[in-house]
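The values are calculated or read from the model by the stated rules, or taken from the named source; none is laboratory data. This one's a predicted model, so the numbers in the text were calculated from it and none came from an experiment. No Cβ is skipped: glycine too gets one built from the backbone with ideal geometry, and neighbour counts run over all protein chains shown. For accessibility, only protein heavy atoms count, side chains too; no ligands or nucleic acids. Shrake-Rupley method; radii C 1.70, N 1.55, O 1.52, S 1.80 Å.
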2 protein chains.
Amino acid sequence: MTSPATRQAKQARGDLFDPDCPTRRLLDRIGTKWTSMVIKVLADAGDGEVRFADLRRRTPGVSQKMLSVTLQSLTRDGLIARRVEPTVPPKVHYRLTDLGRSLNVPLTALRDWAEAHMVEIDRANAVQSAESTRGANRST
Amino acid sequence: MTSPATRQAKQARGDLFDPDCPTRRLLDRIGTKWTSMVIKVLADAGDGEVRFADLRRRTPGVSQKMLSVTLQSLTRDGLIARRVEPTVPPKVHYRLTDLGRSLNVPLTALRDWAEAHMVEIDRANAVQSAESTRGANRST
DNA sequence: CGGGATCCAGAGCGATACTG
DNA sequence: CAGTATCGCTCTGGATCCCG
């Protein structure tokens with residue numbers, strides 16, 4: 001997530017181009033393995049809240065630790081809201097904030113692009129592999 | 001970049017939801033530190049080609065190794081095209097492909113969101129810090 | 001039930017040095 | 001000029017155990 005130390009070092013070096021580039025910082029967040037999927041799950045839930053266990057079930061493959069960490073990050077960033085029911089077995093509910101929902105818009109665009117074009121990327125990779133497999137016979 | 005081994009394991013476990021989710025795979029690519037910036041630099045160059053050294057100059061902070069690696073990935077994925085002038089000091093030119101340019105569209109949306117809303121995320125983080133600094137005095 | 005703490009393997013990435 | 005190879009650090013993220 002681009003540690004503060006790194007950014008400090010850059011600023012100390014005198015190049016202030018970095019603060020102009022919040023894109024990297026955003027990508028560092030949504031690029032973290034489970035973030036975008038959690039946002040999608042919450043977005044699909046509409047305005048409803050989702051409990052921790054439900055989130056875990058709807059996010060296959062996530063460990064409880066990483067789900068916990070992801071939810072903490074998103075909460076700190078103000079993208080999701082946390083509500084705790086102080087019952088004896090505590091129930092914790094999560095939902096997207098307005099900010100989180102607004103992020104979901106460009107994120108959905110990216111998802112759509114991915115679903116539409118990842119096959120082309122796969123095909124491109126396949127071509128490269130094929131070219132390296134056969135030695136290099138251009139003509140004929 | 002979500003190793004093939006990981007995906008194999010998941011398929012072996014029987015949950016085939018993952019291949020349905022190319023978003024993760026896309027984020028693994030554009031989430032890699034320099035990818036989105038290189039795409040932006042090339043997109044800003046219009047349909048023109050940019051040489052390696054130019055790219056490096058316009059992508060402050062990148063090492064020649066990481067730029068090289070990033071360009072290789074993008075080339076394999078068919079997002080950029082590579083043209084080599086076989087002169088004695090070789091000149092290599094890069095440009096976005098149509099696929100790369102189409103990716104730049106949702107990516108630009110994400111950049112716009114970042115520039116518009118990262119301050120809110122920073123503010124949210126500041127609030128959390130403040131709340132943890134002062135013990136916890138709610139009323140008043 | 002929800003989540004914090006710890007340990008550990010692996011990937012990302014930077015610095016440096018060498019090649020065609 | 002453009003790239004490859006090696007080393008080493010850091011950070012991610014998974015497994016496991018423990019707590020309220």
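With the condition kept exactly as written, say whether any residue in the range A:92-114 is in a strand (DSSP E or B) and over 20 Å from B:Ile121 (Cα atoms). Among the residues of the range A:92-114, at least one is in a strand (DSSP E or B) and over 20 Å from B:Ile121 (Cα atoms), which makes the answer yes. A:Pro60 meets the conditions (1) within 16 Å of DNA strand D (Cβ to nearest atom); (2) surrounded by 14 or more Cβ atoms within 10 Å (Cβ to Cβ); (3) part of a loop (DSSP other than H, G, I, E, B); (4) at the interface with chain B (Cβ under 10 Å from one of its Cβ atoms) in every case but one. The failed one is (2). Taking every residue in the range B:21-33 that is more than 7 Å from every other protein chain (Cβ to nearest Cβ) and pairing it with any residue that is assigned to a loop (DSSP other than H, G, I, E, B), at least 6 positions away or on another chain, the pairs with Cβ-Cβ distances below 6 Å are B:Asp28/B:Met1; B:Asp28/B:Thr2. The set of residues from the range B:44-57 being part of a helix (DSSP H, G or I) and either among the aliphatic types (A, V, I, L, M) or in contact with a Gly (Cβ under 6 Å, 6 or more places away or on another chain) (or both) comprises B:Ala53, B:Leu55. On inspection, B:Arg24 passes the criterion of being within 12 Å of DNA strand D (Cβ to nearest atom), touching a Lys or Arg at 6+ places or on another chain (Cβ under 9 Å), more than 25 Å from B:Val84 (Cβ to Cβ) and modelled with pLDDT under 95. Filtering the range A:77-86 to residues that are over 13 Å from A:Val50 (Cβ atoms), among the charged types (D, E, K, R) and more than 11 Å from chain B (Cβ to nearest Cβ) leaves only A:Glu85. Evaluation of A:Thr87 against the conditions (1) within 11 Å of DNA strand D (Cβ to nearest atom); (2) not in a loop (DSSP other than H, G, I, E, B) shows that the sole unmet condition is (2). The conditions of being without any contact (Cβ under 8 Å) to a residue 60 or more places away in the chain, within 14 Å of chain A (Cβ to nearest Cβ) and surrounded by fewer than 16 Cβ atoms within 10 Å (Cβ to Cβ) are not met by B:Asp47.
In the condition set (1) crowded, with 17+ Cβ neighbours inside 10 Å; (2) within 28 Å of A:Pro106 (Cα to Cα); (3) in contact with a helix residue (DSSP H, G or I) (Cβ under 8 Å, 6 or more places away or on another chain), B:Phe52 is compliant with all but (2). Of the residues A:Leu42, A:Leu67, A:Leu74, A:Leu96, the single one that is open to solvent by less than 50 Å² (accessible area, probe 1.4 Å), within 15 Å of DNA strand D (Cβ to nearest atom), more than 13 Å from chain B (Cβ to nearest Cβ) and at pLDDT 95 or above is A:Leu67. Going by what's in this entry, would B:Leu71 be described as part of a helix (DSSP H, G or I) and within 21 Å of A:Arg111 (Cβ to Cβ)? No.
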